[in-house]
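Working notes for the structure below.
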Amino acid sequence: MTDDRGFVGFGARLLGLVLLASTAGCGTMGRLERMGRAPKMSPPAEVPAPVAEPSLTQAGALARGGAAPASAPPAAPSASLFRTGAGALFNDQRASRVGDILTIRIDVSDSATVNNETSRTRDGSESGGAGALFGLEKVIKKAVGVDTGNLVGSSTSSSATGKGATKRSETISMTMAAVVTGVLPNGNLLIQGRQEVRVNFELRELLVSGIVRPQDIARDNSIKHSQIAEARISYGGKGQLTDAQQARWGQQLLDILSPF
């Protein structure tokens, strides 16, 4: 009796561990922790930016005893108006260096409809025989019981029909800012942008990255998404609405494992 109880207790503990592992692997524990709470927003990423010399106004304020920034760059070596990293009057103010910011205009309005229909039919028939075989046809028919005039006969027929249809439509229209994260040897710019908007218990996230040519950047320091090479645009979210649109993990597991 004691052995049976011990076996039952061991089985219950094992079943509990299996259920706990399955729920943890499927994200159930994480969802339980987020119950009644809004999704957390990710912290801002560190953006590379070169050190710029202060302007004459900033240098004068520091000389008069003004408060210096937390990470103040070294003092200007001269009183020249043209300083490295400072905004010049006649220079192009469009993004061109690491750390510069440019505007990305996303206007995706794609629709595609594809219809495929295939129909295939094939028939075939074969027949062969020897009506006269030097008089041996009578001997063969008498000995074997085979009519040499109808030795081979075959007939085949096959048909296949297939239909398919695909319809897709997506629209995204918005504007966001991106940061230049690198400059390629040919002068093209690597950009990356991230935007998060949280409304109540739903977090919307937009990610954009790719390569742009400085010549494609407009005068207002903006660029279209269609001018971004190797573009990666991700628009999604997480929260209560997204969870409601997902099938339960048990159903997803059955869909993957079921052979029917």
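Dimensions of the stretch 113-166 along principal axes (Cα, Å, largest first)?
If we take the Cα atoms of the stretch 113-166, the spans are 69, 16, 6 Å.
Express in nm, to one decimal, how much length is gained between residue 107 and residue 202 on full extension, taking 0.36 nm for each residue of separation and deducting their alpha carbon distance.
So the extension gain works out to 31.9 nm.
Would you work out the Kirkwood radius for the stretch 87-232? I mean one over the mean of 1/r across all pairs of different Cα atoms, in Å.
Answer for the stretch 87-232: a Kirkwood hydrodynamic radius of 22.2 Å.
Short version: ³J(HN,Hα) in whole Hz for each residue of the stretch 241-246, in order, from phi by Karplus 6.51 cos²θ - 1.76 cosθ + 1.60 (θ = phi - 60°), x for Gly and Pro, what are they?
My calculation for the stretch 241-246 gives 5, 5, 5, 5, 8, 9 Hz in order.
For 201, 134, what's the fewest-to-most ordering of other Cβ within 10 Å of each Cβ?
134, 201
For residue 146 and residue 258, compute 0.36 nm times the residue count separating them, minus their Cα-Cα distance, and round to one decimal in nm.
Gain on extension, residue 146 to residue 258, equals 35.0 nm.
Bear in mind that the values in this text are calculations on the coordinates, not laboratory data. Computed from a prediction, not measured in an experiment: that's the story for all the values here. Cβ sites come from the backbone with ideal geometry, for glycine too, and all protein chains shown count toward neighbours.
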